[in-house]
Amino acid sequence: MTLSPYDYCFWLLGFLLDVYVVVCTIARKSFLRYLPLNLYMLGTAASESVGYLLTHKYGLNSTQYMYFYYYSESLLCVFLYFVIMGFYKEVFEEMNVSKYVRTATLLVLACTMLFSYVIVRHNQAHLTSRFVVALGQNLYFVGVALTYLLWVALLKLRETRARLVQLVLALGVYFSALAAIYALRNLFPSLETPVLKFLIPWAGAWLPLAWAYTFTKVSEDARLAPSRLTLGAAAR
Amino acid sequence: MIAALICVISFCALLQFGFSSSRSVVAASRETALSDQVRRAIGIVGKQIDGGEFARLLQLAGLCPVQGADRLEISMVRAYHGLLRCLEIAARGVVPRAAEWIEEERQNCAYFVAVALDRRIANSRGLLAAQMAGI
């Protein structure tokens with residue numbers, strides 16, 4: 001099985017957008033301010049490049065590529081938790097609670113590691129694709145929960161920084177889309193090839209695309225009232 | 001069971017985040033006031049623009065020779081507007097209150113395109129003025 005033009009397009013698009021986000025933050029002198037985000041983007045670009053080389057060397061259905069794909073994806077997902085924690089730190093900056101945020105980061109990481117270890121240990125006899133789908137589903141769902149809590153904190157604290165709000169919302173869309181896709185893959189394995197494999201590249205391209213848009217179009221000084229953005233506010 | 005629960009919760013979160021994300025793009029244009037010239041050109045009186053004007057404003061914006069770098073945003077708002085139309089059809093008769101806020105959102109989308117049109121007209125005028133000055 002080889003890569004289709006559709007796969008190539010998304011691969012290239014994802015890689016270019018990852019690099020673009022990093023270049024954009026460097027050009028706007030905010031690389032260090034968004035360090036976890038930039039490291040994640042660099043990690044994704046590196047993972048996409050290595051994945052591309054592996055498919056050419058061993059093929060798309062090879063064990064080498066499969067292991068690399070799922071392990072790198074899980075690692076990058078854990079890395080995204082650090083991005084969320086970076087956002088938490090920024091939101092709670094004025095409250096001087098960075099010590100607690102750091103502790104919470106370590107706690108979340110420790111819990112995720114423990115949870116993953118328990119699952120791997122429990123399933124070591126049958127480390128099948130079904131298992132990695134279940135693991136991905138759980139990891140992304142933890143991301144949904146963390147991002148949702150962050151969104152609630154943004155609303156409660158009346159955060160008005162438009163860039164931060166849009167970065168968080170983009171992350172929320174990414175996590176929830178992938179958690180839903182992985183849960184559907186888990187529930188209906190027969191849907192995987194015709195429908196869900198088609199959706200995963202779209203969800204994967206969303207995050208760098210939305211972040212690239214935010215860093216290009218939304219200035220650091222732009223302000224927005226997040227309370228006006230909720231479904232409840234719209235209904236009122 | 002857990003997978004089904006995760007699927008439902010994630011789908012609800014996706015709707016909430018997606019809706020808020022689209023709204024953040026549209027809401028930003030509300031801070032910009034429309035020029036009198038564009039108001040006269042598109043025939044608006046008052047602050048509100050009818051949601052039904054969206055397609056006409058989009059066509060007008062497409063006619064501008066200088067289209068600027070707002071194509072991506074306009075495509076996003078067009079997709080959001082399409083989603084609102086689908087929601088309107090789905091919610092008709094089932095959730096009567098929904099029609100009110102869907103119309104409000106469609107008005108915001110129309111306003112967003114009017115702001116883009118205003119910006120494009122201003123860009124075209126600037127370009128024309130620069131060319132005339134060159135002659």
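The values are calculated or read from the model by the stated rules, or taken from the named source; none is laboratory data. What you see is a predicted model, and the numbers here were worked out from it, not measured in a lab. Every residue, glycine among them, receives a Cβ derived from its backbone with ideal geometry; neighbour counts consider all protein chains shown. All accessible areas refer to the heavy atoms of the entire protein, side chains included, with ligands and DNA or RNA removed. Shrake-Rupley method; radii C 1.70, N 1.55, O 1.52, S 1.80 Å.
A few remarks follow.
- Residue in the stretch A:61-73 that is part of a loop (DSSP other than H, G, I, E, B), more than 30 Å from residue A:219 (Cβ to Cβ) and out of contact with any Phe, Trp or Tyr (no Cβ under 8 Å at 6 or more places or on another chain) present: yes
- Residue in the stretch B:42-49 that is within 14 Å of chain A (Cβ to nearest Cβ) and either assigned to a helix (DSSP H, G or I) or without any contact (Cβ under 8 Å) to a residue 40 or more places away in the chain (or both) present: no
- Matching option when the condition is assigned to a helix (DSSP H, G or I) and open to solvent by less than 70 Å² (accessible area, probe 1.4 Å), among A:114, A:154: A:154
- Scope the stretch B:50-109; condition open to solvent by less than 40 Å² (accessible area, probe 1.4 Å), of a type in the set (Asp, Glu) and part of a loop (DSSP other than H, G, I, E, B); matching residues: B:70
- Candidates A:23, A:108, filtered to the one that is open to solvent by less than 40 Å² (accessible area, probe 1.4 Å), out of contact with any Cys (no Cβ under 8 Å at 6 or more places or on another chain) and not in a loop (DSSP other than H, G, I, E, B): A:108
- Yes/no for residue B:120 being open to solvent by 60 Å² or more (accessible area, probe 1.4 Å), away from chain A (no Cβ under 14 Å), out of contact with any His (no Cβ under 8 Å at 6 or more places or on another chain) and over 13 Å from residue B:53 (Cα atoms): no
- Selection status of residue A:209, open to solvent by 10 Å² or more (accessible area, probe 1.4 Å), in contact (Cβ under 8 Å) with a residue 60 or more places away in the chain, touching a Leu at 6+ places or on another chain (Cβ under 7 Å) and assigned to a helix (DSSP H, G or I): yes
- Residue match in the stretch A:160-176 (condition: part of a strand (DSSP E or B), touching a residue at least 24 places away in the same chain (Cβ under 8 Å), away from chain B (no Cβ under 11 Å) and open to solvent by 20 Å² or more (accessible area, probe 1.4 Å)): yes
This table checks each residue for (1) free of Cβ contacts under 8 Å to residues at least 60 places away in the same chain; (2) under 28 Å from residue A:4 (Cα atoms); (3) hydrophobic (A, V, I, L, M, F, W, C).
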| position | (1), (2), (3) |
| --- | --- |
| A:41 | no, yes, yes |
| A:48 | yes, yes, no |
| A:65 | yes, yes, no |
| A:77 | no, yes, yes |
| A:81 | no, no, no |
| A:114 | yes, no, yes |
| A:118 | yes, no, yes |
| A:135 | no, yes, yes |
